[in-house]
Amino acid sequence: MQRFVPEIAQGDKRVLVIAGKPVPFSLARIRRQRVRQLAAGGKGVAQKLSARDFEIASALGRCSRRAGCCCGAGRDRDYLTEIN
């Protein structure tokens, strides 16, 4: 559970890290009619990583590479919200 922030209308991002390196584009999930889940009608938009996205993904890349895995990260505004 997390606090609602109105800026979420601009979407949250899914950032991927493969073989320790950030994928240069993220998937932004944009709300449509109060729904942001893609399967329920939200809109997916590819967006180039921002400098902050790249900074976070690079740090995750170092950790995931040591662990021998790939990961995905959820980003909302300037925050890392989840790691998968």
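The values are calculated or read from the model by the stated rules, or taken from the named source; none is laboratory data. As the structure is a computational prediction, the values presented were derived from the model and not from experiment. Cβ atoms come from the backbone with ideal geometry, glycine included; neighbour counts cover every protein chain shown. Protein only, heavy atoms only, side chains kept; ligands, DNA and RNA dropped before computing areas. Shrake-Rupley method; radii C 1.70, N 1.55, O 1.52, S 1.80 Å.
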Exercise. How many residues does segment 37-84 hold that are over 12 Å from the mean Cα position of the chain (by Cα), open to solvent by 30 Å² or more (accessible area, probe 1.4 Å) and of a type in the set (S, T, N, Q)?
Worked result: 1
Exercise. List the pairs whose first member sits in segment 57-84 and is free of Cβ contacts under 8 Å to residues at least 60 places away in the same chain, whose second member is open to solvent by less than 30 Å² (accessible area, probe 1.4 Å) and not in a strand (DSSP E or B), and whose Cβ atoms are under 6 Å apart, counting only residues at least 6 apart or on separate chains?
Worked result: G61/G20; R65/G20; C71/L60; C71/S64; A73/L60; L80/I56
Exercise. Would you pick out the residues in segment 63-80 that are more than 15 Å from L16 (Cβ to Cβ) and modelled with pLDDT of 75 or more?
Worked result: R66, A67, G68
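For R36, indicate whether it is modelled with pLDDT under 80 and touching a Lys or Arg at 6+ places or on another chain (Cβ under 7 Å).
Details: modelled with pLDDT under 80: yes; touching a Lys or Arg at 6+ places or on another chain (Cβ under 7 Å): yes.
So R36 fits the description; yes.
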